[in-house]
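Some notes on the structure that comes next.
The values are calculated or read from the model by the stated rules, or taken from the named source; none is laboratory data. Note that the structure is a prediction, hence the values are computed from the model and not measured. Quick reminder, even Gly has a Cβ in these numbers, built from the backbone with ideal geometry, and neighbours come from all protein chains shown. Surface areas here come from the heavy atoms of the whole protein model, side chains and all, with no ligands, DNA or RNA. Shrake-Rupley method; radii C 1.70, N 1.55, O 1.52, S 1.80 Å.
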Amino acid sequence: TKIIETQSISKRYVMGEEVIDALKDVTISVNKGEYVAFMGPSGSGKSTLMNIVGCLDTPTTGKYILNGQDVSEMSENELAAVRNKEIGFVFQTFNLLPRQSALENVALPLIYAGYSKKERTEIALRTLKGVGLDNRALHKPNELSGGQRQRVAVARALVNDPSILLADEPTGNLDTKTSYEIMDLFDQLHKKGNTIVMVTHEDDIAQYAHRIIRLRDGVVESDIINTNVRKVE
Ligand code: ADP
Ligand code: ADP
């Protein structure tokens, strides 16, 4: 089943006299369970595409169908509701609450989903276990390594069981060895059936994905199945 389907989407930014076509006629579709990298140099349109795919923004023209729903014409509020249900975000900068434990950070999205305290703790612990961090549940972010913090952020992204894990430069703040640790985690999540979209400008990180969509100047330059997926040794 298709999770992501963009139909000839374009995004135009107008700033006074200046017009920038950040995306031009981008048509891609991603099936449930795929692990895709959006690759491309700075300015190629990756963030713009990610913002649309993640329901943070809508295209200027064209359609975006997310998990069967046309979200291209939705209002801010409708978009926010779809985003909360369908998308789990991971950012380069982790974005964890510093005074809350790993467990509390992971449990946070469950508050809005209406679970009881007991249920939240159970679900958050189970999700932390899924990223190999149940033994760090009560640690605060500053008591964790960079890789552990990013794993907490991944657990938080997954706790509501979203249809897409959307990771924006997930290894951008990590050293090489820790980056491999996160790529290893993504590999395990992919094997468990999660749909992963990773945005990166780093070619060696993109090589961990099973499909690589390369953008250049707002168009899809290539869209290939990665026949030589990099594995963490
Ligand atoms: P990437 O993530 O690949 O670096 P972006 O999607 O951020 O690329 O940018 C694509 C193009 O759109 C660039 O020329 C950038 O300057 C422009 N752009 C991005 N966001 C905005 C914005 N909010 N307003 C105006 N121009 C923008
Ligand atoms: P270089 O090849 O210049 O040493 P790399 O970034 O490829 O730089 O590797 C840095 C370190 O990470 C090396 O010690 C290497 O053995 C290790 N390494 C490289 N690729 C992998 C991988 N896929 N999984 C785990 N470790 C790796």
*Which shape class applies to the stretch 39-104: rounded if a/c is under 1.5, otherwise prolate when a/b exceeds b/c and oblate if not, where a ≥ b ≥ c are the square roots of the Cα gyration tensor eigenvalues?*
oblate
*Go ahead and run the numbers for FRET between E143 and E78, Cβ-Cβ distance against an R0 of 45 Å, rounding to 0.05.*
0.70
*Taking the chain as a Gaussian network, where each spring joins two C-alpha atoms under 10 Å apart, which residue of K117, K140, K129 fluctuates the most?*
K117
*Under a point-charge model restricted to the Cβ atoms of Lys and Arg (+1) and Asp and Glu (-1), what is the dipole moment magnitude of the chain relative to its Cα centre, in debye to the nearest 20?*
900
*In a Gaussian network model over the chain where Cα atoms closer than 10 Å are linked, find which of A137, A157, A113 has the largest mean-square fluctuation.*
A113
*When only Cα pairs under 8 Å and 6 or more residues apart are kept, what is the percent relative contact order across the stretch 91-222?*
24
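Enumerate by residue number the GluC sites (Glu not before Pro) in the stretch 32-113 meeting two conditions: DSSP loop (anything except H, G, I, E, B), and at most 13 other Cβ atoms within 10 Å of the site's Cβ. Numbers along the way, then the final one.
On the way: sites: E34, E73, E76, E78, E86, E104; in loops: E34, E73.
Counting only loop positions with at most 13 other Cβ atoms within 10 Å, the GluC sites (Glu not before Pro) in the stretch 32-113 are E73.
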*Per residue, how much accessible area does the chain have with a 1.4 Å probe, in Å²?*
50
_Proximal lysines to K24, defined as alpha-carbon separation beneath 20 angstrom and excluding residues fewer than eight positions away on the same chain_ = K11, K46, K63
*Hey, could you grab the Kirkwood Rh for the chain? Inverse mean 1/r over distinct alpha carbon pairs, Å, one decimal.*
18.2
*Can you give the calculated 222 nm mean residue ellipticity of the chain, where each DSSP H run of n ≥ 4 adds -39,500 (n - 2.57) and the sum is split over every residue, rounded to the nearest 500 deg cm²/dmol?*
-10000 deg cm²/dmol
*Considering only DSSP beta bridges with both partners in the stretch 79-233, what is the antiparallel share in %, to the nearest 5?*
40
_Given a 1.4 angstrom probe, I'd like the percentage of the accessible area of the chain that is carbon and sulfur, rounded to a whole number._
47
